Each structure stands twice: as structure tokens, then as C-alpha cells.
Amino acid sequence: MNVHKSIKFRLTLWYLAAIVLLLVVFGTVAYYLLSKNLYRNLDESLRARVQELQGSIKISGTEVLFDQKVNELVLIYNADGALVQRLGPNVNFSNIAETVQQALFGISSFVSAETAEGPYVRLYAAPFNLDSRTRVAIVVGRLPNDILSMLAIFRMVILNSSVLVVLLAGVGGWFLAGRTLKPVERIADIARGIGESDLSRRIDVETDDELGRLAKTLNGMIGRLEEAFTKQRQFVADASHELRTPLAVLQAESSLALEKPRNQDEYRRSLELVSQEVAYMSEIVGKLLVLARSDAGSELLNARDVNIADLLSELSQDIDALAQEKGLKLSLGPMDALTVRGDRVKLRQLFLNILDNALRYTPSGGTITASLVRKDDQAVASIGDTGIGISEEHLPFIFDRFYRVDKVRTDGEGGTGLGLSIATSIAKMHGGTIEVESRVGGGTTFRILLPLSSPPPAPSPSNP
């Protein structure tokens, strides 16, 4: 992988950019504050020096003398603004006539004047009254060489320190980014090793941060994939098992019929058997197609308001003859007039599959009951029987495709093993669920819960 495109490199780069920005801001502010403080101290020292010189002035004729030694630049201007006396170093600087005039008018001020040598000189001009009628201007100046040297040293210290900090931050950031992203690399390594043939592995990153939540999410996804692949393999195996028997019968019967000439009745029996097996396989394929459409979300619903009580009454009339033929009693309980929003054809198939299941596994002399009541905002249709029942260990799996208990297989009473799967799929299409209670030898009760259709909004009163 290209290092420049890695998250580790980008995190380190962003970290360094933030550090550099902070260093620039800190250095600029610190330099500004230091510079301002140094120049303020220079101005205060110039003001204090002028006050000292004013207190030590002596007049000797036309010359101004001071009682103390003068090392800095001192200029004396007369009332006309002309320079009459100069003490200290010989520094040539630009014209400061305006500042001198302000001092002669009694206004003290600071000014920075450019020099021929390069650096400017800082000057402070203040008035001084020789007597009640004569005023002169005293100007004291200093070159800020010490300040400039100190600021240059400060710049070098800040620059060198910043370079060192950036280097250390880069190394530390690279190391910390590597440690932070190490679980990501482990997640990637484990994920690369997980294939379709082995989905049992899990990502063993257990932390309480975002990476830990990511690992848990991925483990959940892998678990769902493992479950889906397991169901798919089981489904393929079950479908192959269900189709293998009728195909074997077809092959055996056709081979037997072609083995030697037979009379018309024997050919008819062979063709009837072939027709039965073809019908059985066609039923399985049709139901698999329904489930496949449901899984893909491509099954369209012709939604409209469906009266469930009318639908159950209609179905009870349709299967009453079958129930009587098996010696069963079909009894209808309370039937509330409840309406749900859904596809009438598919809802009919849902209830028919449940009733067919009851007919199939209830022995002669038993009873099948159906009722419909309202519970909160749901219609609850209950279909019960007094049949053989289902053991507790099989209840969680009866809605799985091709799942049938062993007793049903051996008794030869089972259907395709897809009826309950289709029923629960249709219930989910309509936002409902199916619950089941059963006891071996005590019968089974299915409860289909479907959301009631919303009542139409009440008409708003019209204005007279």
C-alpha cells in the first residue's frame, strides 16, 4: 500500500499541521508581546531619563550644562526650533522638526527617526522652561540595538525550538497513529482470512471505543452471513432431498414402463404415478418461487381493505367438506368485524396454509377451531386443533423451509414443508407476525397478528 495514501500518514500530517499552526500562532503572539514590552520599557526609560536631566540642568551663559554624565544622545532646541546643543554619540537621523515644535508648545511625544547607518533611533522630546519667558525642547534618544539583538535571539530560539518540536511531534504522531490503527490492521487481516467456506471466525478486538464497536458490528454481520449461508446450504440440501425422491420415482416408473410391452391399464397406472410426482414437484417449485420473490422484495401486493371475518368464514365453508371427509369438526368462535389493509389473495393463502396444516395433522374425531378478535390495534386470528401437537424442541424451527418433524416424515402425512414458511412470509409482508403454542398430544394453536387498517379521517365541519 502507498504510504502517502494511508490513514496513518494522513493522521500524522494533520497532527503536524495542527502543531505547526499552534507554534506559528504562539510564536507570533509571543514575539509581538515581547517586542511591545521591550519598546514600552525603552520609552519609559527615555521619559525617566529626561526627567533626571531636567532636574540637573544648569545654565552657563547660553550653554545648558548637566550635573551628571550624559552617555545617550541629548539635543537642546531653542524657542525658535534651532538646535543649540548636542551631547552624546554622533548619530545622523531624519528631520524631527514637527516633534520639536510640539515640545516647544508644551506637548511631550515619542518619535522613531531613521538613521543613515540603518537602524532607527527612538527619541523623546519634552519641554523645559529656563525661566518664565524662555522655553527650550530637550530631546533624548537611544538606539534600540539591545532590543533588536534580544528579538533576534528570541526568533532563533523560537525557530529552532519549533523545528525540534515538529520533528518530535512527527515521530510521536507516527508512533501514536500506528498504535491507534493497529486494531484496524488486525481487523483487516482477520477479515481477509474469512471466506465462504469458514465463517466461524470472529474479530477478537475488544475495546470500548469506536474500533471496538466496529469489530462488534462486523462480527454481527459475519454471524448473519454465516447463518444465511448455513440456511442456504440447508435449503439446497432439503430441496435436493425433496426433489430427488419424485425424480427417482419418475425414472424408475418410466424405465419400468419402457422395459417391455404392457397392457393399457398398466400404462395408465404408470402415467398416473408420473402425473402425481410431476404435480408434487410443480407444487414445490411454485412455492419456492413465491418464497424467492418474497426474499427479494419483488412480490407485489394488491393492497386494499380486507374483512378478515368474511375471509375466514369463506375459507371455513371451502374446507368444511374436507374436514367432514376426515371425520373432523370445524367450529367458528367469535368473529369480530375487523378490517386490515392487504392483498386478499395472499391473506387467503396464509389462512389456508394454517388450516391445511390443522387438517393434515389432526386425527379423525378431532376438532378445528377458528376465531377473530381485536387486541389493541391488531386483528388476532386464532386457528387451533386437537391434533398430534408439536414437541417443544421443534417449535422454534417449524417456520423454516422444508422443516418437518421425523414423525411426520415417517407417517407420510407431511406436505412440502413450505406451507408455514409461506404463511409467515405473507404475514411479514403485511406487517404482522405468527405465534404458535403446542403440546404433544394436546393440539396446536396458531395466532396470526395483523395490523388493523387505519380508519378514514373524520370529515372536518364545513363552514355555514
Handout entry: Considering residues of the range 109-132 that are in contact (Cβ under 8 Å) with a residue 60 or more places away in the chain and open to solvent by 50 Å² or more (accessible area, probe 1.4 Å) only, the residue nearest to residue 48 (Cα to Cα)
Key = 110
Practice task
For the range 172-179, indicate whether the set of residues that are touching a residue at least 24 places away in the same chain (Cβ under 8 Å), of a type in the set (Phe, Trp, Tyr) and within 30 Å of residue 10 (Cβ to Cβ) is non-empty.
Solution key: yes
Handout entry: Tally of residues being buried (at least 21 other Cβ atoms within 10 Å of the Cβ) and outside any helix (DSSP H, G or I) across the range 341-359
Key = 1
Fill in the blank from the handout: For residue 324, the lone unmet condition from (1) on the phi < 0 side of the Ramachandran plot; (2) surrounded by 14 or more Cβ atoms within 10 Å (Cβ to Cβ) is (2)
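If you scan the range 15-60, which residues turn out to be aliphatic (A, V, I, L, M) and over 55 Å from the mean Cα position of the chain (by Cα)?
Listed by number, the residues that qualify are 42, 46, 48, 50, 53, 57, 59.
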Problem - Output for the range 381-390, where each listed residue is open to solvent by 10 Å² or more (accessible area, probe 1.4 Å) and of a type in the set (A, V, I, L, M, F, W, C) - result: 388, 390
Fill in the blank from the handout: Taking the range 187-200 and keeping only residues that are more than 27 Å from residue 17 (Cβ to Cβ) and either open to solvent by less than 100 Å² (accessible area, probe 1.4 Å) or at pLDDT 80 or above (or both), one is left with 187, 189, 190, 191, 193, 194, 195, 198, 199, 200
Exercise for the section: Output the residues belonging to the range 213-228 that are small (Gly, Ala, Ser), surrounded by 13 or more Cβ atoms within 10 Å (Cβ to Cβ) and under 16 Å from residue 195 (Cβ atoms). Expected result: 223
Problem - Residue list for the range 64-81, restricted to those being over 21 Å from residue 134 (Cα atoms) and either touching a residue at least 24 places away in the same chain (Cβ under 8 Å) or among the basic types (Lys, Arg) (or both) - result: 69, 72, 73
Practice task
Hey, can you tell me all the residues within the range 190-231 that are assigned to a helix (DSSP H, G or I), within 20 Å of the chain's Cα centre (by Cα) and β-branched (Val, Ile, Thr)?
Solution key: 217, 222
Practice task
State yes or no: is residue 137 in contact with a helix residue (DSSP H, G or I) (Cβ under 6 Å, 6 or more places away or on another chain) and either within 15 Å of residue 51 (Cα to Cα) or exposed (fewer than 15 other Cβ atoms within 10 Å of the Cβ) (or both)?
Solution key: yes
Exercise for the section: Would you check if residue 179 is within 21 Å of the chain's Cα centre (by Cα), exposed (fewer than 12 other Cβ atoms within 10 Å of the Cβ) and in a helix (DSSP H, G or I)? Expected result: no
Practice task
Test each condition in (1) closer than 27 Å to residue 440 by Cβ; (2) touching a helix residue (DSSP H, G or I) at 6+ places or on another chain (Cβ under 8 Å); (3) not in a loop (DSSP other than H, G, I, E, B) for residue 387 and report the one that comes out false.
Solution key: (3)
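The values are calculated or read from the model by the stated rules, or taken from the named source; none is laboratory data. What you see is a predicted model; the values in this text were computed from it and never measured. When we count neighbours, we look across all protein chains shown, and the Cβ atoms used for this are built from the backbone with ideal geometry, even at glycine. Ligands, DNA and RNA are excluded from the accessible area calculation, which covers all protein heavy atoms including side chains. Shrake-Rupley method; radii C 1.70, N 1.55, O 1.52, S 1.80 Å.
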